[in-house]
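Report on one structure; see the data block that follows.
The values are calculated or read from the model by the stated rules, or taken from the named source; none is laboratory data. Owing to the predicted nature of the structure, the values given are computational and were not obtained by experimental measurement. Cβ placement follows ideal geometry from the backbone for every residue including glycine, while neighbour counts extend to all protein chains displayed.
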Amino acid sequence: MHKKLFIPGPVDVKPEVLEKMATPMMGHRTKDASALQRRISDKLRTLLYTNEEILLSTSSGSGLMEGAVRSCTLKRAAVFAVGAFGKRWFEMAQSNNVPADLFEVEWGQPTTPQQVDEVLSTGKYDLITITHNETSTGIMNPVEEIAEVMKKYPDVVYCLDAVSSAAGTKIEVDKIGVDICITSTQKSLGLPPGLAICTFSKKAIERAKQVPNRGFYFDLLKLYEYIQKKDYQYPSTPSLSHMFALDYQLDLIMEEGMDNRFNRHIEMAEYVRDWARKNFAIFGKEKYLSNTLTTITNTKDISVADLNKKLGERGFQISNGYGKVKDKTFRIAHMADHKLDEVKELLTNIDDILGL
């Protein structure tokens, strides 16, 4: 029996979108392949509110995260972490011999504009990484407020991990001054895992040109230059199956209407939060809660494993906590193509199982 997934990814994929992955292959060096990538890029520019170039990578979002910090750090990277996944960017920098410092906050707290300002005012850093939406803690960072600080530092390349938020919440990339906004297909975009996406600004391009040893597969400048030279071709073999599905899914997103989609995510988030406040407690600072996932403090000390087993018998799955709050929390994701009625159905079943 298929379980409806209310976990931080992968997500449930519409049957008609999955069917598009079975589209027969074509040559990836053909004009048709170029047209496909160009269509996808144009739609993604609309979805991410940007005029900059879009890069695709046959990888998870981690691939482009690694590519960003390696390709665009000339001096030193400042990595801001509000949970487990923000910290991963620091580990990537270290693994690639990129000079970097980690700035962590207590889990459940956001990265504040003041913190960013304080760090950048030292003049030590020419690249920063921010996690927009941290799935370990359920925190969504205040990127609009951080944008005001970034205006003071026009030479700093700004990288944003929007893996679990893009297409589930409004991110106006150009307006908030993000140079490299990264996401991947298996979360709010509503596709299977395997394709990553990022925006790539002119500032980031100029910076990458100065950086030696950018790597090979995840060299963002090489990805960009190949697109320009070969008219929307991919330097290595792309996952055409993902591209067929993404092209189609982006049409469905535009058909739903972006504001409608973002509002649907907020509606689901608010319903889950109300339920969590009534029956447990929300983990994390209320003002900065994610629209795509809620991390709940396990105040009743329930066995999440037992709950999930019983939910599985009814056709649902939620997620336990992650990292150092694994045993203290559990998580309910509400992203991609789920609707409020499905969230209500899930919570009704949890109420029944737990006798709430």
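Miscellaneous remarks
- Set side by side, the residues ASN349, ASN279, ASN291 differ, and just one is at pLDDT 95 or above, closer than 16 Å to VAL11 by Cα, surrounded by 14 or more Cβ atoms within 10 Å (Cβ to Cβ) and not charged (D, E, K, R), which is ASN291.
- Scanning region 315-335 turns up no residue that is farther than 23 Å from GLY86 by Cβ, at pLDDT 95 or above and either in a helix (DSSP H, G or I) or assigned by TED's automatic domain parsing to the domain that holds THR183 (or both).
- Within region 222-229, one or more residues are part of a helix (DSSP H, G or I), touching a Pro at 6+ places or on another chain (Cβ under 7 Å) and farther than 26 Å from LYS20 by Cβ.
- Some residue of region 108-118 being without any contact (Cβ under 8 Å) to a residue 40 or more places away in the chain, assigned to a helix (DSSP H, G or I), crowded, with 23+ Cβ neighbours inside 10 Å and more than 19 Å from the chain's Cα centre (by Cα): yes
- Residue ID - surrounded by the most Cβ atoms within 10 Å (Cβ to Cβ), chosen from residues in region 189-214 that are within 23 Å of the chain's Cα centre (by Cα) and at positive phi: GLY190
- Scanning region 161-198 for residues that are part of a loop (DSSP other than H, G, I, E, B) and either of a type in the set (Val, Ile, Thr) or free of Cβ contacts under 8 Å to residues at least 24 places away in the same chain (or both) gives VAL163, ILE171, VAL173, ILE176, VAL178, THR185.
- Sub-8 Å Cβ pairs linking a first residue in region 30-46 that is touching a residue at least 24 places away in the same chain (Cβ under 8 Å) to a second residue that is basic (Lys, Arg) and surrounded by fewer than 17 Cβ atoms within 10 Å (Cβ to Cβ), at least 6 apart or interchain, are SER34/LYS230, ordered by first then second residue.
- Close Cβ contacts (under 6 Å, 6 or more residues apart or on different chains) running from residues in region 310-332 that are over 22 Å from ASN291 (Cβ atoms) to residues that are part of a helix (DSSP H, G or I) and among the aliphatic types (A, V, I, L, M) comprise LYS310/ILE353.
- Residue check for VAL149: without any contact (Cβ under 8 Å) to a residue 60 or more places away in the chain and in contact with an Asp or Glu (Cβ under 6 Å, 6 or more places away or on another chain): yes
- Taking the criterion of being in contact with a Phe, Trp or Tyr (Cβ under 8 Å, 6 or more places away or on another chain) and touching a residue at least 60 places away in the same chain (Cβ under 8 Å), the residues of region 333-356 that qualify are ALA333, HIS334, HIS338, LEU340, VAL343, LYS344, LEU346, LEU347.
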